[in-house]
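Accompanying notes for the structure given below.
The values are calculated or read from the model by the stated rules, or taken from the named source; none is laboratory data. Just so you know, these numbers come straight off a predicted model, no measurement behind them. Every residue, glycine among them, receives a Cβ derived from its backbone with ideal geometry; neighbour counts consider all protein chains shown.
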Amino acid sequence: MRTLIPPLVYRLNRCGPKDIDVLKKFVTTLSSSVLGGESQDEAYVSNVLFYLIVFSEMWEIPTPSKAEMKERYTNAKVSDDPNYTMDPVYCAFSKEKSASCKEFGLSNYDANPIMYERDQYWNKSATIPSHASVLLLSGKLDPQTHHKYAQALLLALDGTNKELISFDYAPHGITSSTQMVAGDPSSETCGSKILASVLLLSGKLDPQTHHKYAEALLMALDGTNKELISFDYAPHGITSSTQMVAGDPSSETCGSKILASYVRNRGDLKKMDKSCVAQMPGFNLTVPPGHLHGLMGTDDAYDGVYKLKSPPQ
């Protein structure tokens, strides 16, 4: 996606007649894709898959009424999003024959429910293997996954080799929300220090957490069993931004391969396979054809005109 930055900035600055439709196409297509797209093949986020997992694994069965769910939401001290609006969707997916679903009239279609059955492992606590450990990180101000559930999980896990580290003022996403410098969202986080105290992955083109801070952290860590792997052309988020195939956002990433090897070798840096770093494609700002046509609707990123029959609205 970053290959689109230069032509988009160029067109925004020029803002000529031939740029307007191309820019409209980009904004409308990207917005609709992020929000779901016109079809599942076009979507970056699959609502069908999301609902399948949520309704099969997490939803209360039989479903409470929409009124009851709205009351729960209204009476909650903190909540990030009302889920009572999903009740009709649950009824459509599950075909549940309950009083709560009957009011919507969405369960009588001639097809199987879009859900899978809960097996013998559902809602069961795991037994920690003798060779493994469990680390939980939780923020006490998390409105999305409440801290009490982290405490409950710690108690439910069968075994003693486990630990919960709690942060008094952290919200959701401990590795990205526990900044060491108050008010500075780009500062190093305590959560990431806990998880990445031995293996550090850093992109030299990261505008969010500059590479020099990774180098400084490596120097500051007390000990010798540590390593920093740097990527010359990678931005923020090494496990998702180091594609092995240039221009293909769905290709395997070098960052994830290294992390998998690190885990597979139980943290042994000498055995860790990092050969993919040398195989990384060079930095290339050529816009992939799929992005060029799908997101901009033209055949020339900088000077092409909008090619589709009718201009975007």
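Below are the figures for this structure:
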{"quantity": "Matching option when the condition is at pLDDT below 85, surrounded by fewer than 17 Cβ atoms within 10 Å (Cβ to Cβ), out of contact with any Asp or Glu (no Cβ under 8 Å at 6 or more places or on another chain) and closer than 18 Å to residue 256 by Cβ, among 186, 240", "calculated": "240"}
{"quantity": "So residue 286, is it crowded, with 16+ Cβ neighbours inside 10 Å and either polar (S, T, N, Q) or without any contact (Cβ under 8 Å) to a residue 12 or more places away in the chain (or both)", "calculated": "no"}
{"quantity": "Residues of the stretch 207-243 that turn out to be free of Cβ contacts under 8 Å to residues at least 60 places away in the same chain, assigned to a loop (DSSP other than H, G, I, E, B) and within 17 Å of residue 1 (Cβ to Cβ), as a count", "calculated": "7"}
{"quantity": "Subset of the stretch 6-22 [in a helix (DSSP H, G or I) and either surrounded by 11 or more Cβ atoms within 10 Å (Cβ to Cβ) or of a type in the set (Gly, Ala, Ser) (or both)]", "calculated": "6, 7, 8, 10, 11, 14, 18, 19, 20, 21, 22"}
{"quantity": "Candidate set from the stretch 110-169 (those that are basic (Lys, Arg) and surrounded by fewer than 13 Cβ atoms within 10 Å (Cβ to Cβ)); member that is farthest from residue 77 (Cα to Cα)", "calculated": "118"}
{"quantity": "Boolean, residue 114 is in a strand (DSSP E or B) and among the hydrophobic types (A, V, I, L, M, F, W, C)", "calculated": "no"}
{"quantity": "Only listed residue being in a loop (DSSP other than H, G, I, E, B), modelled with pLDDT under 95, within 30 Å of residue 292 (Cα to Cα) and aliphatic (A, V, I, L, M), chosen from 45, 78, 27, 34", "calculated": "45"}
{"quantity": "Residues of the stretch 248-262 satisfying the condition of being part of a loop (DSSP other than H, G, I, E, B), out of contact with any strand residue (DSSP E or B) (no Cβ under 7 Å at 6 or more places or on another chain) and surrounded by 12 or more Cβ atoms within 10 Å (Cβ to Cβ)", "calculated": "248, 252"}
{"quantity": "Condition broken by residue 68, with the remaining ones in (1) over 22 Å from residue 122 (Cα atoms); (2) modelled with pLDDT of 90 or more; (3) among the charged types (D, E, K, R); (4) part of a loop (DSSP other than H, G, I, E, B) satisfied", "calculated": "(4)"}
{"quantity": "Residues being among the β-branched types (Val, Ile, Thr) and within 23 Å of the chain's Cα centre (by Cα) - total across the stretch 140-161", "calculated": "1"}
{"quantity": "Residues that are of a type in the set (Lys, Arg) and part of a loop (DSSP other than H, G, I, E, B), drawn from the stretch 263-313", "calculated": "266, 270, 271, 274, 307, 309"}
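Each row is one residue, and each column tells you yes or no for (1) touching a residue at least 24 places away in the same chain (Cβ under 8 Å); (2) more than 26 Å from residue 267 (Cβ to Cβ).
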{"position": "134", "(1), (2)": "yes, no"}
{"position": "159", "(1), (2)": "yes, no"}
{"position": "171", "(1), (2)": "yes, yes"}
{"position": "189", "(1), (2)": "no, no"}
{"position": "203", "(1), (2)": "yes, no"}
